[in-house]
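Worksheet: one structure, shown below.
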Amino acid sequence: MALLHVLKYPDPRLREMAEPVAAVDDAIRQIADDMLETMYEDSGIGLAATQVGIAKRIIVMDLSPEMNQPQVFINPEITQRKGTQLSQEGCLSVPGYYEEVERAAKITWQALDAEGNQQTYDGEDLLAVCVQHEIDHLDGKLFVDYLSPLKRQRIRKKMEKTRKRNL
Ligand code: NI
């Protein structure tokens, strides 16, 4: 296992479109394990491969209170959306910022699990939010894209300042 570096907004690599995983093998499982370790280390509940500079369609998450129920979704695709919900979102690539975003309330999605088996899942509330947020990452999209241009610009400027201070 290894900790990976999480890219921070506005890093251009966060805008890359991730490629589908051709085969779920040990190398892919290793990436997923490393992503989970990185997510736990940063106290996140979800992470997409794009955020660690790997342009493959892999997302990991853990919404359990004890953070002991890791989930891996490979090549995830939403097949059904129902209703809308408004909730506060944050992101390990935009640390320190939490904003309200509108998402589908209930979704159905398909993905390969860590064994490479195609599965169908249903989720609502936070689980639905998290899956939509992480799949957005695989398409180069961030939660700040849902905010007004003014708000997004403010966050971007503050993030750039923070980065300079951390040199
Ligand atoms: Ni995120």
If you go through Glu77, Glu100, the only one that is in a strand (DSSP E or B) and touching a Leu at 6+ places or on another chain (Cβ under 8 Å) is Glu100
What number of residues within the stretch 42-62 satisfy the criterion of being hydrophobic (A, V, I, L, M, F, W, C) and closer than 12 Å to His133 by Cβ? 5
Residues to consider are Lys8, Lys82; find the one that is in contact with a Pro (Cβ under 9 Å, 6 or more places away or on another chain) and of a type outside the set (Gly, Ala, Ser). Lys8
Contact list, first residue from the stretch 85-104 and more than 13 Å from Val131 (Cβ to Cβ) and at pLDDT 95 or above, second anywhere and near the ligand (Cβ under 10 Å from one of its atoms) and charged (D, E, K, R), beta-carbon distance below 7 Å, six or more apart or interchain, is Tyr98/Glu89; Glu99/Glu89; Val101/Glu89
Kindly indicate whether Val144 is more than 17 Å from Ala18 (Cα to Cα), in contact with a helix residue (DSSP H, G or I) (Cβ under 9 Å, 6 or more places away or on another chain), outside any strand (DSSP E or B) and among the hydrophobic types (A, V, I, L, M, F, W, C). yes
State which residue is farthest from the ligand (Cβ to nearest atom) when the search covers only the stretch 19-39 and only residues that are in contact with a Leu (Cβ under 8 Å, 6 or more places away or on another chain) and part of a loop (DSSP other than H, G, I, E, B). Val24
Members of the stretch 40-88 found to be within 12 Å of the ligand (Cβ to nearest atom) and surrounded by fewer than 20 Cβ atoms within 10 Å (Cβ to Cβ), listed by number: Asp42
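The values are calculated or read from the model by the stated rules, or taken from the named source; none is laboratory data. None of these values were measured; they are calculated from a predicted model. As a convention, Cβ positions derive from the backbone with ideal geometry for all residues, glycine included, and neighbour counts pool all protein chains shown.
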